[in-house]
Every structure is written in C-alpha cells, then in structure tokens.
Amino acid sequence: MATTTGITWNEGQPLEEDALRSLEARVESLLARMTLEEKIALVHGDSKFSTAPIPRLGIPRRWLTDGPHGVRQEVGPHTWTPAGRTDDFSTYMPVDVCLAATWNPGLAEEYGAVLGEEARARGKHVLLGPGVNVMRTPLNGRNFEYFGEDPHLASRMVVGYIRGVQSQQVAACVKHFAANNQEHERTTIDVRMDDRTLREIYLPAFKAAVQEAGVWTVMGAYNKFRGQYCCHNDFLLNAVLKREWGFEGLVVSDWAGAHDTDEAVRCGLDLEMGTEKPYPDYYLSTPFLEGIRSGKYPEELLDDKARRNLRVMIATGALDGREPGFLNTSDHQETARRVAEEGIVLLKNEGGLLPLDCAKTKSIAVIGQNAILKFAAGGDSAGVKAFYEVTALEGIVGRAGEKVNVCFSLGYAPDGGAELIERAVEAARQADVVILVAGLNHDKPYDTEGADRPDMKLPFGQDALIQKVVEANPRTIVANVSGAPVDMEAWFDRIPAVLQAWYAGMEGGAALARVLFGDVNPSGKLPCTFPRRLEDSPAHALDAYPGRDGVTVYEEGLFVGYRWFDAKEIAPRLPFGHGLSYTAFAYENLRLAEADGRVTVRFDLVNAGGREGAEVAQVYVEDVAPRLPRPLRELKAFQKVLLGPGERRTVTLDLEPEAFAFFDPEQNAWVAEPGEFRIHVGGSSRDLRLTESYRAQRGK
Ligand code: BGC
C-alpha cells in the first residue's frame, strides 16, 4: 500500500519513514525560501510541456510529456507544430487496450518501466499516462488508449503500469479524472451519473492508481462532472481524491482544461497547462498572484499547490539530476513484442486453420491496407515518433517469405475504387491461404482523440471485400486492427479464423506473424464486449449517448459492458474475457475456504492439449439476493497461468471482503452484506466452467 503521502519509490515500494521525513523537510525548506512569484511559477506552464526554472533556488525547468504508449515527439515550444528534431524518437509500445488484453499485470509493470526509462533518457519528469477511462461506448475515439470496460481488470493493469514508470524516477500521470468517456463535445459535455455508478464503475482504477500504486500526478478531464469542470471540481478533486483518498501528489489540468481562476484556486487544481492565453494570463498565474496580494485568496492555498509540485519534482530528481536513461534497447524492443504477442486475441479458429505451417503452405495472399500501414504517429497526443515499426506484411514476409510465396493486394483504401476488390479476390483465388488485415486506423473519425466514431461498421467497403475474398478462398484469416469493438456481423460466421490484432506497437507485425505461425500460442483475452449491433450496447440501447443539450446522463448506471449484456440476456458477438489458444484448458475441482471474511478460491487448471500455452483463469462473483440491484456477476480476480502440455496446476486466488461489497449511497460507503454468493470460474465471462456457493456470515 502507498504511504499517506502517496509517494512511493524504488520499484513501487513506499518511501522509508526517514526518506519521507527528509522529502517533506526539503519541501518545507524550499517553500520557506520562495517568493510569491516563485511559487506561482511552479503552478502553471511556461511552454506547451514545461514549467519555468527558478535558478536562484537551483530549480531547473521541469518537463512533462505525452504519453501512454511511448515518449511523444517534441513540439513547440509554444505551438503544437513538431519541433523537427532528430533526437525525439522513442519505442512505440502496443496501445493500452492491447496491454489490457494481456491480462498480465507483471507485464504491465515491465511496460511502464520501458516508458519510464525512455522518459528519463529524454529528460522528462512526468509522463502523461496511463489513461484509465472505462469503455462506456464502443464509439469513444480514445478507447484504444484505455484499459477496456471492467474496473477490476483496469485497476490491476494500471497499478502495474504506474509502478513500472515510477520505478524509473519518472512520475506517471493517471488520466482523465473523471468520467471522460466520450470525445464528442469532450471540452463542454456535462456528465451526470449516480454515486454508485461513479464509485463502482468509473472511479476504481483511479483509486487503485492513487492508493495502491502511489501515483504521483493525476490529470483532470476536459468534461464537466455534475456541472463543474473536472480540472477544478471541488467534489472530485478536493473531497474524493485529496481528502478521502489521501492523494498528496499534484493535479495537472488537461491541456486547456482550466477555465476559471476562482475555481482553479479553490477546487483542487495544482498545475495549469495548455491554456490558450499568454502564460502570464493563465488562471493560476497573474490573476492568482493578484488575488493573493489583494487578500482575496489566502497564501496557504498557493503553498499547498507549491508543496505538491515540489514533492513530485524532488521525487523525480528534477532538482538533483538522475542516472541517464536508455532508448530503444533490445530489452525495450522485446517487451514491446511480448506485450503484442500476449495481447493479440484469437477470436475464432475453426478446423484448426491456425497456426499456419510453412512446410504445408506454398502461397499466402496478404490483403488489406492495414497490412502496410504504420500506426505509431496516429491518434493525436498518444502518437509516437517510433524508431521503427514492423508492419503486418513485413512481419509475415520476415517469418515465412523464404519458404512461402507471399503476395500483397491492397483490397481497400479510403479513396479506393472497386477494382481494388477485384484484384484482391484474384490474389485470394490463387493463394493457399489468405491473411486479410482489416479494421480501422487513427484518422478522424476512427481511433483518435477529438472525435468519436459515427458507428461500429468497418469503413471503406471492407465488409464487402471480406465476403468476396472468403467466397474466393475459404481458407481466409481475418486480423482486425482496431482499438475498440467493430461490427463483424457481415462475415464473422463465414470466416474460419479471426484475430483481434489491436495497434500492437513497433513489433506488432512481427508478433502477429509469430502468432499466425504458431511460434507463440495466443493468450490474449478481450478486455471489452464485442456487441453484435451497436444498439445492443447499453448507452445506445437507452439512447443515452452522446447526450442532449450539453448534458449526458449515464442512464445505464452500473450496467456497462458485460454487466448489461448479462442482465438483459443479450448474446454478444464476443463476450468480455474471451480468447482462444492453440491448446485447450480444463477447469476442475473448485473449492472455497473462508477466513476473516477473505475467501480463498482454489481450482485445478489443466492444459489438456499438446502445446504449451497460457490461460487467463477468471473469477466472477454473483450476489444471489442483493439488497440493491447488482450486476449478475462481476470479475473480481484473475490469473494468467502458463502450462506445459498435459500439465496440471492448482490455482489459488484470494477474494478480499471488498470483492463482495457494493457502494451503498445511503451510507456513502462500501458495504459487504451477509448472504449467499456464487463464485464462478472460467475462461471468459460467458465460459464459466465451475461454480460454488459461499455464505457470507456478517457484513463488514
Ligand atoms: C489530451 C491529454 C494529453 C494532453 C497533452 C490533451 O488533448 O486530452 O491526454 O496528455 O492533450 O498533449
């Protein structure tokens, strides 16, 4: 657990008491020597991504950077135009929804450590990631940057990520706090939801970031929450984040997310960035200074903000310097590749078409623009200037090209004509196997910041292309590249093998090829439900997206993602937690043991096939007769287990009392009540193999 200051150190371990005292003592000593103007300099930007140095006190310029998947290229300093430098490349990691699909928190920690080390190499103190907004609608343009639809999965992954970043003496920044679940009207939309929904669905990953990972910085969201902008929201920032959760790091605005001096001063903002005004006119600059001078604002308000900034500056070595970091090492490349390999999800594999065998395959037609596109730079603030990026086509040629004749056909393009389809069909007809790399890209309005998708369809005529290709060659494999669910109804049943390939980073093409040819046994699981139709998903079924007259009300409440599909008994195209392997797993012998309210879940997992593989075993909790309406089942524990062929292992997972609790709005607290619960164990939210009952004796 984090210390009361929330500042952790060394591989995510809390600072020792002495070190803590000395950090706080140092903060106080610096603060005591600072003039008002110097303190003001700490709480607002002096370029797009920095705050001003204070040379008199040995405080250098502090640097922040995007983002979640790699250290962003340099811009500005006072514009968004790329600076045109040659020293601002970084490793491009798979996007965070792909990381979530690995269901491997240890790997998330390695991922974070890559980012942290590269941020240090680039002289950055704060890395503006991870983003943990819950996938409320498949259409959100930034779903690719987030961790899917489930608060428990997102929490586990994000804690690993943050520990990794901060182990490198770089501050992570968990964003966008809170309820930033759509890009449509993102800078003005006012989000309304009930307390339970907020606490049970939209806040847990942030809370875990603060209380378990000890994240040093939090970014306010662009939107309003209950009528007040999130970057200066008294309830979210002061009441919940700082008072209730004990957060003592700093709150940074999203870029141009601050709107008012009074609120910025009083409602929890500690660092204002990106405001579209000259720096001295920022809300927390001259207007704040003058307010203190005139007695409107007590100086303690500034001192609190300055303290929070100084803590993070000291913790990140901004004052003392740090060891140099490294960029693009072979370890970083390998981590990027492993995340991609573990994140790619095998959705379907009829007749064992996969893995492909080079010895038995003479020719492959690779079809689809996404086989040759590079994705690193796209998506806006999450974009990266990658050292390199292996495309899907390059990955396939690299893996199989010596033995197999690989040809490529574009198949579709945003401005493509029909003859593209005809040529692709011809290529498909002549090949033994087709690998069709389809999906979205980072152009507006697909997987990108600032816009939501208009619908869930594949663009550019891809449905027709896929149908014609599989007619020409039934041995067609579709790899879908997207950061969120797409509508697969037109073709899913007719395609024997389908993969969800995400935007899998600079090793993505190599990783895809290794999965296709069986060097890697797939182990990814979906972190979100794939609906059959957009109207099946909750916010759309209730016409509660994108809101009306500037307000969006989360009418589906707790019933987000699989919670809705289960409650309404709607069959999704692919359920949350789904993902296949080239081997098969059996679940046996579930037993529960209880001590002090903690339930220990034990079961045997068997690799019943002939190949080594990893299974993500998932534990869902069902409250049989809840006092308040609850989702039918909720994910409360999981573990990824690697088993050799024929191997059997007992898996042990603990369910703490919180796993049974719900948020009771009347008591304004989490409560676990006595009664019967069912514990389900299986390979997805709809593939539950074992169930046992548990009677909780008393509430907590
Ligand atoms: C995004 C943030 C990002 C910031 C700085 C904003 O537009 O919402 O996620 O960190 O820009 O680039």
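Read-outs throughout are calculated quantities, based only on the coordinates presented, and are distinct from any laboratory measurement. This one's a predicted model, so the numbers in the text were calculated from it and none came from an experiment. Glycine also receives a Cβ, built like all others from the backbone with ideal geometry; neighbour counts cover every protein chain displayed.
Once the Cα-Cα distance is subtracted from the 0.36 nm per residue extended length, the residue 642 to residue 602 segment shows a gain of 12.7 nm.
Dipole orientation for the chain: of the candidates 208, 286, 401, 401 has the Cα lying most toward the positive pole (charges on Cβ; Lys, Arg +1; Asp, Glu -1). The amide H of residue 585, built 1.01 Å from its N in the peptide plane, has 608 as neighbours under 5 Å, considering only residues 5 or more places off or on other chains.
For the chain, the spread of Cα coordinates along the three principal axes comes to 79, 64, 50 Å, biggest extent given first. Dividing the Cα radius of gyration of region 159-259 by its Kirkwood radius returns 0.96 for Rg/Rh.
Between residue 59 and 54, the built amide H atoms are under 5 Å apart, and every one of these is 5 or more places off in sequence or on another chain. Annotation note: GluC sites (Glu not before Pro) in region 238-315 located in DSSP loop regions with a Cβ neighbour count of at most 10 within 10 Å are 276. In a simple Cβ point-charge model (Lys, Arg +1; Asp, Glu -1; nothing else charged), region 10-159 has a dipole of about 560 debye relative to its Cα centre. The residue list 625, 361, 515 was ranked by how far each Cα lies along the charge dipole of the chain toward its positive end, using unit charges on Cβ atoms, and 361 comes out on top. If R0 equals 56 Å, the separation of the Cβ atoms of residue 586 and residue 260 corresponds to a calculated FRET efficiency of about 0.40.
Based on the Kirkwood approach, the hydrodynamic radius assigned to region 593-653 is 13.5 Å, with every pair of different Cα atoms included. If both residues of a DSSP beta bridge must be in region 189-344, then about 25% of such bridges are antiparallel.
Annotation for residue 188 and residue 290: the two label points, set 7 Å from Cα along the Cα-Cβ direction, are 2.7 nm apart. With a simple spin-label model that places each label point 7 Å from the Cα along the Cα-to-Cβ direction, the separation between residue 281 and residue 471 comes to 6.1 nm. The modelled label-to-label distance for the pair residue 687/residue 26, using points 7 Å beyond Cα in the direction of Cβ, is 5.0 nm.
Each Lys and Arg contributes +1 and each Asp and Glu -1, all at the Cβ; summed about the Cα centre of the chain, the dipole is approximately 680 debye.
Backbone phi angles across region 381-390, fed through the Karplus curve with coefficients 6.51, -1.76 and 1.60 (θ = phi - 60°), yield HN-Hα couplings of 5, 7, x, 9, 8, 7, 4, 6, 8, 7 Hz in residue order; Gly and Pro are listed as x. With a/c under 1.5 counting as rounded, go ahead and sort region 387-485 into rounded, prolate or oblate using the C-alpha gyration tensor (a ≥ b ≥ c being the square roots of the eigenvalues; past the cut-off, prolate if a/b is larger than b/c, else oblate). Since a/c reaches 1.5 but b/c is at least a/b, the shape of region 387-485 is classed as oblate.
By the compact-protein rule of thumb, 2.2 N^0.38 Å, the alpha-carbon radius of gyration of region 625-664 corresponds to a ratio of 1.71. Look at the dipole of region 67-173 built from charges on Cβ: of 79, 113, 69, the Cα furthest out on the positive end belongs to 79.
Given axes a ≥ b ≥ c from the Cα gyration tensor, I'd like to know whether region 453-583 is rounded (a/c under 1.5), prolate (a/b larger than b/c) or oblate. Since a/c reaches 1.5 and a/b is larger than b/c, the shape of region 453-583 is classed as prolate. Between residue 654 and 601, the built amide H atoms are under 5 Å apart, and every one of these is 5 or more places off in sequence or on another chain. In this structure, residue 323 and residue 56 have a Cβ-Cβ separation that, at R0 = 30 Å, corresponds to a calculated FRET efficiency of about 0.70.
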